[in-house]
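Heads up: the structure comes next, in structure tokens.
The values are calculated or read from the model by the stated rules, or taken from the named source; none is laboratory data. This is a predicted model, so every value here is computed, not measured. Here the Cβ positions follow ideal geometry from the backbone for every residue, glycine too, while neighbour counts run over all protein chains shown. The area values use the complete protein model at the heavy-atom level, side chains included, leaving out ligands, DNA and RNA. Shrake-Rupley method; radii C 1.70, N 1.55, O 1.52, S 1.80 Å.
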Amino acid sequence: MRTKIYFLSDVHMGSQYHADSMAVERKLVRWLSSISAEAKAIYFLGDMFDYWFEYKYVVPRGFVRFLGQCAMMADDGVELHFLAGNHDPWMTDYFEKELGAQVHHTAIEFTDGNKRFRLSHGDSEYRCQKKRNDLIYRIFRNPILRKLYAAIHPRWTVGLAYGLSLHSRRKGLEKQTEGRVPHAYHNDYFDLENEWLVVQAKAYLEKHPEIDFFMFGHRHLLVDLALPEQKRILLLGDWIRYDSWAEWDGHTLSLCTLSDFDDVSESGRSAIAP
């Protein structure tokens, strides 16, 4: 019986940062297959791909295992939702037409049972932090610039996009190593209360007290923060270090990671207590 809703983000399939990107995709597909019988909906909260750009008649090479698994699950009645992230905001109608998925370019809210969820990749919240963030956000989503970019042959744009992504990740790790920023791969020292997504969620909650659970990707941090009145903020981690996701069974919300990459089963899950 399909009773569970799953949430994950930041797999970055195709990233040169992965030692073996194909192995990551296979691992993700095994996990999706393991939950397919109990999943009624899956929400992908952005940056599932390190780079995704849809032209009018073609889509990027690769990811066939993941897309095929999604198609089979959708055909079996699983509801699929893709939220655009800052690495894959250029989704148009491919996922809707080929997979039967729903694509969202802004934050979304929904209610299941008596709980209200608010989901966002997180880059839209970070655009408010700095003018540079806002400028990049606007450039990536500008329809005129998108058309101009699409006019360039993919042999140039794809390599450029992957190269810039790898450079950005390496720079972020350098800053993290120097102790200047919290980032994807260590949670042990950063100031959670001043994390921008936490600040933004709390500010939103003051005006929208009906929200019970906030979920974000983007920051590659694995966080389950309890708030008063049993409300929570979850940062979903990633599939670079954590292989993490959240699941909701109608009563309990759990933040989980894979403990056995070769055997994705009930015995291969470990729950992180809130």
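Consider Glu25 carefully, then state whether it is out of contact with any helix residue (DSSP H, G or I) (no Cβ under 7 Å at 6 or more places or on another chain) and within 24 Å of Trp248 (Cα to Cα). Step through it out loud before you land on a result.
Details: out of contact with any helix residue (DSSP H, G or I) (no Cβ under 7 Å at 6 or more places or on another chain): no; within 24 Å of Trp248 (Cα to Cα): yes.
Here the answer is no, as Glu25 does not meet what is asked.
Six or more apart or on different chains, Cβ under 7 Å: which pairs go from a residue in the stretch 5-31 that's within 24 Å of Val78 (Cβ to Cβ) and touching a residue at least 12 places away in the same chain (Cβ under 8 Å) to one that's open to solvent by 80 Å² or more (accessible area, probe 1.4 Å) and part of a loop (DSSP other than H, G, I, E, B)? Could you list them?
That search, which allows pairs on different chains as well, returns Lys27/Phe261.
Only one of Tyr185, Tyr137 is of a type in the set (Phe, Trp, Tyr) and at pLDDT below 55. Can you tell me which? Spell out the reasoning first.
On the way: Tyr137 fails: at pLDDT below 55.
So the residue among Tyr185, Tyr137 that is of a type in the set (Phe, Trp, Tyr) and at pLDDT below 55 is Tyr185.
Every residue in the stretch 70-88 that is open to solvent by less than 20 Å² (accessible area, probe 1.4 Å) and either touching a helix residue (DSSP H, G or I) at 6+ places or on another chain (Cβ under 7 Å) or part of a helix (DSSP H, G or I) (or both), please.
Hits for the stretch 70-88 are Cys70, Met73, Leu80, Phe82, Gly85.
Please specify each residue of the stretch 1-26 satisfying the condition of being within 30 Å of Glu125 (Cβ to Cβ), among the small types (Gly, Ala, Ser), open to solvent by 10 Å² or more (accessible area, probe 1.4 Å) and not in a helix (DSSP H, G or I). Steps first, answer last, please.
We begin by selecting, within the stretch 1-26, every residue within 30 Å of Glu125 (Cβ to Cβ); these are 4-18, 21, 24-25.
This time we only want the ones that are among the small types (Gly, Ala, Ser), so: 9, 14-15, 21.
Then drop every residue that is not open to solvent by 10 Å² or more (accessible area, probe 1.4 Å), which leaves 14, 21.
Selection gives Gly14 alone.
Looking only at strands (runs of 3 or more DSSP E) that fall completely inside the stretch 186-246, which ones have 1 or more residues that are of a type in the set (Phe, Trp, Tyr)? Please lay out each step first, then the result.
Numbers: elements: 213-216, 222-226, 232-236.
Output list reads 213-216.
Among the residues of the stretch 224-244, write down those that are open to solvent by 10 Å² or more (accessible area, probe 1.4 Å), free of Cβ contacts under 8 Å to residues at least 60 places away in the same chain and of a type outside the set (Phe, Trp, Tyr).
Going through the stretch 224-244, the residues open to solvent by 10 Å² or more (accessible area, probe 1.4 Å) turn out to be 224-232, 240-242.
Checking which are free of Cβ contacts under 8 Å to residues at least 60 places away in the same chain leaves us with 224-232, 241-242.
If the condition is that a residue be open to solvent by 10 Å² or more (accessible area, probe 1.4 Å), free of Cβ contacts under 8 Å to residues at least 60 places away in the same chain and of a type outside the set (Phe, Trp, Tyr), then Asp224, Leu225, Ala226, Leu227, Pro228, Glu229, Gln230, Lys231, Arg232, Arg241 are the ones that fit.
Would you pick out the residues in the stretch 31-52 that are more than 18 Å from the chain's Cα centre (by Cα) and assigned to a helix (DSSP H, G or I)? I'd like the intermediate steps shown before the answer.
Kept after step one, since they are more than 18 Å from the chain's Cα centre (by Cα), are these residues of the stretch 31-52: 33-34, 36-38, 40.
Result: Ser33, Ser34.
Need the failing condition index for Leu148 against (1) open to solvent by 80 Å² or more (accessible area, probe 1.4 Å); (2) touching a residue at least 40 places away in the same chain (Cβ under 8 Å), just the number.
(2)
For Val264, are the conditions met, namely being in contact with a Leu (Cβ under 6 Å, 6 or more places away or on another chain) and either at pLDDT below 95 or open to solvent by less than 20 Å² (accessible area, probe 1.4 Å) (or both)?
Details: in contact with a Leu (Cβ under 6 Å, 6 or more places away or on another chain): no; either at pLDDT below 95 or open to solvent by less than 20 Å² (accessible area, probe 1.4 Å) (or both): yes.
Answer is no for this residue.
Just to be sure before I move on: is Val64 without any contact (Cβ under 8 Å) to a residue 24 or more places away in the chain, among the aliphatic types (A, V, I, L, M), farther than 13 Å from Trp239 by Cβ and open to solvent by 40 Å² or more (accessible area, probe 1.4 Å) in the structure I sent?
Numbers: without any contact (Cβ under 8 Å) to a residue 24 or more places away in the chain: yes; among the aliphatic types (A, V, I, L, M): yes; farther than 13 Å from Trp239 by Cβ: yes; open to solvent by 40 Å² or more (accessible area, probe 1.4 Å): yes.
Judged against the criteria, Val64 is a match.
Let me spell it out: the conditions are (1) modelled with pLDDT of 80 or more; (2) of a type in the set (Gly, Ala, Ser); (3) in a helix (DSSP H, G or I); (4) in contact with an Asp or Glu (Cβ under 8 Å, 6 or more places away or on another chain), and Ser165 meets all of them except one. Which number is the exception?
If we test Ser165 against (1) modelled with pLDDT of 80 or more; (2) of a type in the set (Gly, Ala, Ser); (3) in a helix (DSSP H, G or I); (4) in contact with an Asp or Glu (Cβ under 8 Å, 6 or more places away or on another chain), just (1) comes out false.
Out of curiosity, is Glu178 of a type outside the set (S, T, N, Q), modelled with pLDDT of 90 or more, open to solvent by 40 Å² or more (accessible area, probe 1.4 Å) and under 25 Å from Arg219 (Cα atoms)? Break it down into steps so the answer makes sense when it comes.
Values: of a type outside the set (S, T, N, Q): yes; modelled with pLDDT of 90 or more: no; open to solvent by 40 Å² or more (accessible area, probe 1.4 Å): yes; under 25 Å from Arg219 (Cα atoms): yes.
No; evaluated as a whole, the condition is false for this residue.
Evaluate the following for Val29: is it at pLDDT below 95, open to solvent by 10 Å² or more (accessible area, probe 1.4 Å) and of a type in the set (Val, Ile, Thr)? Write out each step before concluding.
Working: at pLDDT below 95: no; open to solvent by 10 Å² or more (accessible area, probe 1.4 Å): yes; of a type in the set (Val, Ile, Thr): yes.
No: the conditions fail for Val29.
Pick from Val64, Val103, Val29: which is in contact with a strand residue (DSSP E or B) (Cβ under 8 Å, 6 or more places away or on another chain) and β-branched (Val, Ile, Thr)? Let's see the steps before the verdict.
Numbers: Val64 fails: in contact with a strand residue (DSSP E or B) (Cβ under 8 Å, 6 or more places away or on another chain); Val29 fails: in contact with a strand residue (DSSP E or B) (Cβ under 8 Å, 6 or more places away or on another chain).
Going through Val64, Val103, Val29 in turn, the sole match is Val103.
Applying the selection to the stretch 32-58, what residues are polar (S, T, N, Q) and surrounded by 14 or more Cβ atoms within 10 Å (Cβ to Cβ)?
Residues of the stretch 32-58 polar (S, T, N, Q): 33-34, 36.
Passing the criteria: Ser34, Ser36.
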